[in-house]
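Everything on this sheet refers to the single structure shown next.
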Amino acid sequence: MNRTYRQSIAMASRMALGMAVAASALADPVGGDVDPINTLTSVSYVSSIDIVGANGLSNVVLVSGTINNNDENGWDLSVASANLGRLRRGAGGAGRELTYTSVELFPTGGTLGTGLTSPAATRNVVTGAGAGDVAGTTHFFTHSAFTGHGTATSATVNYTFQLRISASADTSLLSGTYTDDVTLTLNNDS
């Protein structure tokens, strides 16, 4: 065998060995968890509603806030009225309370998660009808009916809203300060 031929065979063997080493690969999964987000922030209650009994109230802002949520089932915002949907003077009663049966969730900005149903609606907080049926409480949710859950394919990000109330005219109201305690609770939907 001549020397050139031996060098060619040796070089071919080294190349084959090199390709075998280059073709060798290791694989293992990598990644991590995305932390859950379920926050209700920038909540601002309005304590200076101008109530004119003869005019009632029409779409008056009661509270506003911002929702961030990344649950795959969406979210549910519950609204509880300590006075069962009434602005009261003192202990309330005839001439000392104004019923605001309807509460409307009005979106003002941000992004609702893709795949979720808009929670914008007008609900009855006095009876809770159609949203839990608990007197003094109602829910705004990101699916089509109170029971069930949504199907999000992206997160709700900086979704801002106002809760607005309306009430019929009542000329029998006494002058003075009328209040209610309203509690908002944000939950992942289930």
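The values are calculated or read from the model by the stated rules, or taken from the named source; none is laboratory data. The structure displayed is predicted, hence computed values, not measured ones. Glycine gets a Cβ as well: all are built from the backbone with ideal geometry, and neighbour counts include every protein chain shown.
Quick look at the values:
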| quantity | calculated |
| --- | --- |
| Exclusive hit being in contact (Cβ under 8 Å) with a residue 12 or more places away in the chain, farther than 16 Å from LEU84 by Cα, aromatic (Phe, Trp, Tyr) and in contact with a Pro (Cβ under 9 Å, 6 or more places away or on another chain), set PHE146, PHE161 | PHE161 |
| Residue identified as modelled with pLDDT of 95 or more and more than 30 Å from THR153 (Cα to Cα) among VAL60, VAL52, VAL79, VAL43 | VAL60 |
| Qualifying residue in region 152-164 (condition: in contact with a Leu (Cβ under 9 Å, 6 or more places away or on another chain), aromatic (Phe, Trp, Tyr) and not in a strand (DSSP E or B)) | no |
| Criterion violated by THR108 - all others in (1) outside any loop (DSSP other than H, G, I, E, B); (2) surrounded by 15 or more Cβ atoms within 10 Å (Cβ to Cβ) satisfied | (2) |
| Selection status of ALA131, in contact with a strand residue (DSSP E or B) (Cβ under 7 Å, 6 or more places away or on another chain), in a loop (DSSP other than H, G, I, E, B) and among the aliphatic types (A, V, I, L, M) | yes |
| Test: THR171 is at pLDDT 95 or above and in contact with a Leu (Cβ under 8 Å, 6 or more places away or on another chain) | no |
| Verdict on GLY56 being farther than 20 Å from ARG164 by Cβ and either surrounded by 11 or more Cβ atoms within 10 Å (Cβ to Cβ) or out of contact with any Gly (no Cβ under 8 Å at 6 or more places or on another chain) (or both) | no |
| In region 16-40, the residues that are outside any loop (DSSP other than H, G, I, E, B) and at pLDDT 55 or above | ALA22, ALA23, ASN38, THR39, LEU40 |
